[in-house]
1. Among the residues of region B:36-46, which ones are assigned to a loop (DSSP other than H, G, I, E, B) and more than 8 Å from every other protein chain (Cβ to nearest Cβ)?
2. Test residue A:76 against the criterion of being assigned to a strand (DSSP E or B), within 12 Å of the chain's Cα centre (by Cα) and in contact (Cβ under 8 Å) with a residue 40 or more places away in the chain, and give yes or no.
3. Within region B:92-102, is there a residue that is more than 24 Å from residue A:108 (Cβ to Cβ), of a type in the set (Asp, Glu) and in contact with a strand residue (DSSP E or B) (Cβ under 9 Å, 6 or more places away or on another chain)?
4. Here is a check on your reading of the model: is residue B:86 surrounded by fewer than 21 Cβ atoms within 10 Å (Cβ to Cβ) and without any contact (Cβ under 8 Å) to a residue 60 or more places away in the chain?
5. Under the condition of being buried (at least 16 other Cβ atoms within 10 Å of the Cβ) and hydrophobic (A, V, I, L, M, F, W, C), which residue from region B:52-64 is farthest from the chain's Cα centre (by Cα)?
6. Return only the number of the condition from (1) under 17 Å from residue A:103 (Cβ atoms); (2) hydroxyl-bearing (Ser, Thr, Tyr); (3) in a loop (DSSP other than H, G, I, E, B) that residue B:70 does not satisfy.
7. Taking the conditions exactly as written (of a type in the set (Gly, Ala, Ser), more than 24 Å from residue B:40 (Cα to Cα) and in contact (Cβ under 8 Å) with a residue 60 or more places away in the chain), does residue A:62 satisfy them or not?
Amino acid sequence: AQSVSQHNHHVILSEAASLELGCNYSYGGTVNLFWYVQYPGQHLQLLLKYFSGDPLVKGIKGFEAEFIKSKFSFNLRKPSVQWSDTAEYFCAVNLNSGAGSYQLTFGKGTKLSVIP
Amino acid sequence: NAGVTQTPKFQVLKTGQSMTLQCAQDMNHEYMSWYRQDPGMGLRLIHYSVGAGITDQGEVPNGYNVSRSTTEDFPLRLLSAAPSQTSVYFCASSYDTRHSPLHFGNGTRLTVT
């Protein structure tokens, strides 16, 4: 079965540190890739998405992600984190489930704690 | 523009009780879905619908029913609540299943005692 793996369960960084959160998926076909963020007590919001074209995509709030097809990866990065980036981050992969329908599969999430 | 509206925000049930979680969207989205979120488990798909009158099972459908009589509404029914169904439930919708990002409701925190 297709799966999405996020390598880190909890990441703790100081403000201004650089961030990279790993995401790998197991599927050999065409995929659409997303990163969502969930701030404490809130619902999930879209950070960025990749469908095709430039594998380096930029999202909101200074986040970016790079799609590396050969590594089945879609890692999230930010050069300098802020305390307000404290949240849980979810990688999601949209896979073709047949008959033109797509299923979105989420990773288990990575909690990011930024220390002021 | 309300987006995706879920009610109630909080609910406590006793084992064996039934209830319906409501979800409505005003964006004319064809695709709607229900997820449950548990610590360390991420989001798991319960049921989804690609249009009015069409529903299908997701990853963890047991103990839940859904219906889609209109484009706007997608209620989730717990038939006989069990402690294992204690979770946070999110309804989400999107324009299509391929490219469109999901729009999430604010969630329902359900506790089954």
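1. Narrowing region B:36-46 to residues assigned to a loop (DSSP other than H, G, I, E, B): B:39-41.
Of everything in region B:36-46, just one residue is assigned to a loop (DSSP other than H, G, I, E, B) and more than 8 Å from every other protein chain (Cβ to nearest Cβ), namely B:39.
2. Working: assigned to a strand (DSSP E or B): yes; within 12 Å of the chain's Cα centre (by Cα): yes; in contact (Cβ under 8 Å) with a residue 40 or more places away in the chain: yes.
It is true that residue A:76 is assigned to a strand (DSSP E or B), within 12 Å of the chain's Cα centre (by Cα) and in contact (Cβ under 8 Å) with a residue 40 or more places away in the chain.
3. Yes: one or more hits.
4. Values: surrounded by fewer than 21 Cβ atoms within 10 Å (Cβ to Cβ): yes; without any contact (Cβ under 8 Å) to a residue 60 or more places away in the chain: yes.
For residue B:86, the condition - surrounded by fewer than 21 Cβ atoms within 10 Å (Cβ to Cβ) and without any contact (Cβ under 8 Å) to a residue 60 or more places away in the chain - is met.
5. Ranking the candidates gives B:52 first.
6. Here residue B:70 meets the rest and fails (1).
7. Values: of a type in the set (Gly, Ala, Ser): yes; more than 24 Å from residue B:40 (Cα to Cα): yes; in contact (Cβ under 8 Å) with a residue 60 or more places away in the chain: no.
When the stated conditions are applied, residue A:62 does not pass them.
A quick yes/no check of all residues on (1) surrounded by 13 or more Cβ atoms within 10 Å (Cβ to Cβ); (2) in contact with a His (Cβ under 8 Å, 6 or more places away or on another chain); (3) modelled with pLDDT of 90 or more:
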{"position": "A:13", "(1), (2), (3)": "yes, no, yes"}
{"position": "A:18", "(1), (2), (3)": "no, no, yes"}
{"position": "A:25", "(1), (2), (3)": "yes, no, yes"}
{"position": "A:28", "(1), (2), (3)": "no, no, no"}
{"position": "A:37", "(1), (2), (3)": "yes, no, yes"}
{"position": "A:46", "(1), (2), (3)": "yes, no, yes"}
{"position": "A:57", "(1), (2), (3)": "yes, no, yes"}
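The values are calculated or read from the model by the stated rules, or taken from the named source; none is laboratory data. Bear in mind that the values here come from a model prediction, so they are computed numbers and not experimental data. Note that we place each Cβ from the backbone using ideal geometry, even for glycine, and neighbour counts take in every protein chain shown.
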